[in-house]
1. Quick check, is VAL37 surrounded by 13 or more Cβ atoms within 10 Å (Cβ to Cβ), in contact (Cβ under 8 Å) with a residue 12 or more places away in the chain and not charged (D, E, K, R)?
2. Would you confirm, using the coordinates I've provided, whether GLU3 is within 12 Å of the chain's Cα centre (by Cα), loosely packed, with under 11 Cβ neighbours inside 10 Å and closer than 21 Å to LEU72 by Cβ?
3. Considering each of LEU68, LEU29 in turn, give the residue that is without any contact (Cβ under 8 Å) to a residue 40 or more places away in the chain, surrounded by 12 or more Cβ atoms within 10 Å (Cβ to Cβ) and not in a helix (DSSP H, G or I).
4. Inside the stretch 50-65, can you point out the residues that are surrounded by 15 or more Cβ atoms within 10 Å (Cβ to Cβ) and not in a helix (DSSP H, G or I)?
Amino acid sequence: MEEKIREIVARIAETSKDFAPDAHLRDDLNVDSFRGVEIVFEIERAFNIVVPGNRYGEVETFRDMVKLVASLAA
């Protein structure tokens, strides 16, 4: 699961997949609000889940994103 999320984030953020788990989406990976929406949309499709907007607001790092997807996919 983590690898698939990493691929999605790297592709949309237009960066290497070699970022740290604690990489900050906005500050380290340059994920603005538009790219954030794209990432969420792709993750929802990939894992057949719905990410509530209020839950996405809690996500700051890549690790946060993985934890959120894992909790929603469970």
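1. Details: surrounded by 13 or more Cβ atoms within 10 Å (Cβ to Cβ): yes; in contact (Cβ under 8 Å) with a residue 12 or more places away in the chain: no; not charged (D, E, K, R): yes.
Considered against the rule, which asks whether it is surrounded by 13 or more Cβ atoms within 10 Å (Cβ to Cβ), in contact (Cβ under 8 Å) with a residue 12 or more places away in the chain and not charged (D, E, K, R), VAL37 comes out as no.
2. When the stated conditions are applied, GLU3 passes them.
3. On the way: LEU68 fails: not in a helix (DSSP H, G or I).
That would be LEU29, the only listed residue that is without any contact (Cβ under 8 Å) to a residue 40 or more places away in the chain, surrounded by 12 or more Cβ atoms within 10 Å (Cβ to Cβ) and not in a helix (DSSP H, G or I).
4. Scanning the stretch 50-65 gives VAL51, VAL59, THR61.
Each reported figure results from applying straightforward, stated rules to the coordinates on display, with no laboratory input. Since this is a predicted model, take the numbers as computed values, not measurements. Don't worry about glycine lacking a Cβ; one is built from the backbone with ideal geometry, like all the others, and counts go over all protein chains shown.
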